[in-house]
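The values are calculated or read from the model by the stated rules, or taken from the named source; none is laboratory data. As the structure is a computational prediction, the values presented were derived from the model and not from experiment. Cβ sites come from the backbone with ideal geometry, for glycine too, and all protein chains shown count toward neighbours. Surface areas here come from the heavy atoms of the whole protein model, side chains and all, with no ligands, DNA or RNA. Shrake-Rupley method; radii C 1.70, N 1.55, O 1.52, S 1.80 Å.
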Amino acid sequence: MPRWSKEILIGFVPVLLIFLAYIGVNIIPLIIATLLVGGLLFMASVRGGLAVGAGTERKRKKRGPKKLTFEEIGGQDHAKQELMEALDFLIKHEEIRKLGIRPLKGILLTGPPGTGKTLMAKAAAHYTDSVFVASSGSEFVEMYVGVGAGRVRELFREARNRAVKENKQSAIIFIDEIDVIGGKREGGQQREYDQTLNQLLTEMDGIYSSDSPRILLIAATNRKEMLDSALLRPGRFDRHIQVDLPDKKGREHILRLHAKNKPLKTDVDLGKIAEESFGFSGAQLESVMNEAAIYAMREGLKEIEQKHLSMSIDKVMMGERTDRESTLEEKKRVAIHELGHAIMAELVRPGSVSQVALSPRGKALGYVRHNPTQEQYLYTKTFLEEQIMIALGGAASEEIFYGGRSTGSSNDFEQALNIVQTMMKSGLTSLGIVDLDMVTKEELMKENTAILEDLMTRTRTMLEERRTIYEQSLDILLKEETLSGDQFRRLFREHSQLPA
Ligand code: ATP
């Protein structure tokens, strides 16, 4: 029945009843009949609605969400390999039982956010043909004692029931942010957390290889050191798999995966984008591809170009461009500051500057994007000192050209101080090998100042010798707002008084 006819009916019936009463007809039986018919119609419509809803839900469940495979996870070759090997325990359960090997109960995935831990757990479910039940540590946190523990029980029950219902031999339970419930127990206050964790341990202890369906728990955290040792002991989460930030090859792979459903111009070089997106997680790379497509759409283009990808790296790294309009004098100062970082970077790590930009993004008024020529996991004292010099380059430039610094260097100094602290912790300073808690604040301050002042003097001297590079680059930067790495290197080589 069309909606309007229902409304007309609702308006018409009372009018009719009043009219009949007015001319002396007994309307009470009529009212009762109307109410009965109305009630019946209402109930039928509610049931019909529910039935339609349930139908769509059933259809959705039948089709199910698209199954994710390991091929759709970029990089992480080592982690994927390790995980697949561990999952073979679930698949080859007969062989395992014959050899008397105890079942694998838990796998812990550790690593920074957005590196694909959830994807790995989903792919694991597909690989082992298991049902997948996901949850997050924060879902178990409740004010009331016992509720979290009840939810853990419910989670395991749901996994078993679903496996039976869907006729599967196994179920994978995924708990993200396990540190929320599995943090170290320090006694005292945390009764609710303790109960939840205890329940989880009890459920894990209740997993047997002869069970059908077999249960495997996969948990993820980026703070493994926070976890209670009871969780980490053999027989519980005894496989720990590190899911790290991807290296250049991994980044390119992830970009390619997320480019599959996007039209790219033929000359787009994803290898270069992978190079420029050093330190990005899988989630950030996905965002780079997505933002690039949005930029292309904004320009009314049908294909994504290299410049869109480059722009979206900046956006993901620094935030959206802001409309802050600064004066020419301020812009000039920012340009001098950024060129200081760039020149220092090119001096100590040739070929590493990827872009110098003068556009305000997030809190920054300008920035230099670095692109390390090789990825490194171990740092020498010289490397760290050079890193500090790149950070101090901005303030040193301002001193050279303006005779003083500005507030624009606060982030750089924070970075420099962090590096000094790393050096101290690693025994790379004149303090020797020390426990920082045992050194007085005065001693620390003295060492900090000595290191930073020495490096500042060295930075200033090196920059003074390259004054001419500033003049040329400054003009372009003020006009164009960006200077690509190659453009900057050309100017650097042309105007460097010393051999580059
Ligand atoms: P968190 O610790 O924050 O929960 P996570 O490590 O579980 O993060 P995921 O949820 O798996 O990260 O990843 C988020 C999104 O990032 C994915 O949906 C995917 O689009 C993208 N992504 C992350 N890592 C990869 C990867 N290795 N390959 C392809 N896409 C990835």
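Brief remarks follow.
- Residue under evaluation Glu139, criteria (1) away from the ligand (no atom under 14 Å from the Cβ); (2) assigned to a helix (DSSP H, G or I); (3) among the charged types (D, E, K, R), criterion not met: (1)
- Cβ-Cβ distances below 8 Å connect no pair with a first residue in region 314-327 that is farther than 18 Å from Ser277 by Cβ, a second residue that is basic (Lys, Arg) and at pLDDT below 75, and a separation of six or more residues or different chains.
- Residue list for region 204-217, filter: assigned to a loop (DSSP other than H, G, I, E, B) and either within 16 Å of the ligand (Cβ to nearest atom) or among the β-branched types (Val, Ile, Thr) (or both): Ile207
- Residue match in region 141-153 (condition: touching a strand residue (DSSP E or B) at 6+ places or on another chain (Cβ under 6 Å) and open to solvent by less than 60 Å² (accessible area, probe 1.4 Å)): no
- Just one of (1) of a type in the set (Val, Ile, Thr); (2) over 21 Å from Gly146 (Cα atoms); (3) away from the ligand (no atom under 16 Å from the Cβ) fails for Thr221. It is (3).
Yes or no, residue by residue, for (1) assigned by TED's automatic domain parsing to the domain that holds Val348; (2) surrounded by 12 or more Cβ atoms within 10 Å (Cβ to Cβ); (3) modelled with pLDDT of 95 or more; (4) among the hydrophobic types (A, V, I, L, M, F, W, C):
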| residue | (1), (2), (3), (4) |
| --- | --- |
| Ile390 | yes, yes, yes, yes |
| Ser406 | yes, yes, no, no |
| Ser409 | yes, yes, no, no |
| Thr422 | yes, yes, no, no |
| Lys425 | yes, yes, no, no |
| Thr429 | yes, yes, no, no |
| Gly432 | yes, no, no, no |
| Leu436 | yes, no, no, yes |
| Ile451 | yes, yes, yes, yes |
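- Test: Met344 is more than 16 Å from the ligand (Cβ to nearest atom), closer than 27 Å to Arg490 by Cα and surrounded by 20 or more Cβ atoms within 10 Å (Cβ to Cβ): yes
- Test: Glu443 is open to solvent by 50 Å² or more (accessible area, probe 1.4 Å) and under 23 Å from Val368 (Cβ atoms): no
- Looking across region 255-311 at every residue that is among the hydroxyl-bearing types (Ser, Thr, Tyr) and either over 20 Å from Arg369 (Cβ atoms) or more than 15 Å from the ligand (Cβ to nearest atom) (or both), the one that is nearest to the chain's Cα centre (by Cα) is identified as Ser310.
- Verdict on Asp176 being open to solvent by 10 Å² or more (accessible area, probe 1.4 Å) and at pLDDT 90 or above: yes
- Residue list for region 304-357, filter: basic (Lys, Arg), in contact with a Pro (Cβ under 8 Å, 6 or more places away or on another chain) and within 22 Å of Ala283 (Cβ to Cβ): Arg321
- Tyr379 under 30 Å from the mean Cα position of the chain (by Cα) and in the same structural domain as Ile336 (by TED's automatic domain parsing): yes
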